[in-house]
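First the structure, in the form of structure tokens, and then the observations on it.
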Amino acid sequence: MSDGKIAAEYGARAEEYIAAAGSIEQMADADRAVIGEWRHGTAGRLLDAGCGPGHWTQFLHDGDSPGSRDVLGIDLSAEFIAHAGSQYPQLTFVRGSFAELPLPDASLGGILAWYSLIHTPPEDLPAVLAEFARVLAPGGSILVGFFDGTPRERFSHAVTAAYYWTPDALAEILDDAGFTPTASEQRARVEGEVSIRPHASLTATRR
């Protein structure tokens, strides 16, 4: 699926998406805990890759000490970038593709890709992860959130087609891209959370 199609699909439903899942208060406590712990353990500038409405970018920026981290948000959707820039004017958001990030080599300490790789066709994922590896400094960390299921299986997501992964299957691709997987978690979603599909996340370090 092309970047243009993904951007168009999210752009067409941006208002609906923002209303349903556009604030940190709507996010699951368990997700905030995982991302918060990763933030605290990751030094340097952070990238929120696939920032959407910008709420996780703000979360990374503030944490327990408002304004304490340098964070950049990037997304394909012009509508999301416009909303994020309006909602969080103190932060920097850019429209762009994971295929060619507007960042120098080894310039980041961490990348959060929270459910932002789910629409990437499996055959395109190695190139995206290689680009992530390019902009991460050695020792930098990546945290990926995704739907837990049969690896590479395509399914009908609410916005546009997406793919399942497991920590083990994703770890193999990350390893090939120059990362060492360090931690993972899997859990079922509970009543009241935005998503109903099983969740997983994987953390890896740039070699």
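Details
- Residues that are touching a helix residue (DSSP H, G or I) at 6+ places or on another chain (Cβ under 7 Å) and more than 15 Å from Ile6 (Cβ to Cβ), drawn from the range 107-132: Ser107, Leu108, Ile111, Leu112, Trp114, Pro126, Leu129
- Whenever a residue of the range 137-161 is under 30 Å from Gly44 (Cα atoms), its partners that are acidic (Asp, Glu), lying with C-beta atoms within less than 9 angstrom and at least six residues away or across chains, give the pairs Ala137/Asp105; Gly145/Asp31.
- Any hit, the range 167-184, residues being closer than 27 Å to Ile18 by Cα and in contact (Cβ under 8 Å) with a residue 40 or more places away in the chain: no
- Number of positions in the range 180-207 that are under 15 Å from Trp114 (Cβ atoms), assigned to a loop (DSSP other than H, G, I, E, B) and either among the hydroxyl-bearing types (Ser, Thr, Tyr) or modelled with pLDDT of 95 or more (or both): 1
- In the range 68-91, of all residues being assigned to a loop (DSSP other than H, G, I, E, B) and of a type in the set (D, E, K, R), the one that is surrounded by the most Cβ atoms within 10 Å (Cβ to Cβ) corresponds to Arg69.
- Within the range 134-148, the set of residues being within 15 Å of the chain's Cα centre (by Cα), among the small types (Gly, Ala, Ser) and surrounded by 24 or more Cβ atoms within 10 Å (Cβ to Cβ) comprises just one member, Ser141.
- The set of residues from the range 92-118 being part of a strand (DSSP E or B) and either under 10 Å from Val144 (Cβ atoms) or at pLDDT below 95 (or both) comprises Ile111, Leu112, Ala113, Trp114.
- Number of positions in the range 158-176 that are surrounded by fewer than 16 Cβ atoms within 10 Å (Cβ to Cβ) and either of a type in the set (S, T, N, Q) or touching a Phe, Trp or Tyr at 6+ places or on another chain (Cβ under 8 Å) (or both): 1
- Residue in the range 35-58 that is nearest to the chain's Cα centre (by Cα), counting only those that are farther than 25 Å from Gly139 by Cα and part of a loop (DSSP other than H, G, I, E, B): Gly52
- Taking (1) part of a helix (DSSP H, G or I); (2) closer than 20 Å to Ala8 by Cβ; (3) in contact with a Ser or Thr (Cβ under 8 Å, 6 or more places away or on another chain); (4) not polar (S, T, N, Q) in turn, His61 satisfies each apart from (2).
- Tally, over the range 6-34, of residues that are more than 21 Å from Phe93 (Cβ to Cβ) and part of a helix (DSSP H, G or I): 4
- Exactly one residue out of Ala49, Ala28 is closer than 23 Å to Phe155 by Cα and surrounded by fewer than 18 Cβ atoms within 10 Å (Cβ to Cβ): that is Ala28.
- Within the range 92-113, the residues that satisfy the criterion of being in contact with a Phe, Trp or Tyr (Cβ under 9 Å, 6 or more places away or on another chain) and surrounded by fewer than 22 Cβ atoms within 10 Å (Cβ to Cβ) are Arg95, Leu101.
The values are calculated or read from the model by the stated rules, or taken from the named source; none is laboratory data. Computed from a prediction, not measured in an experiment: that's the story for all the values here. As a convention, Cβ positions derive from the backbone with ideal geometry for all residues, glycine included, and neighbour counts pool all protein chains shown.
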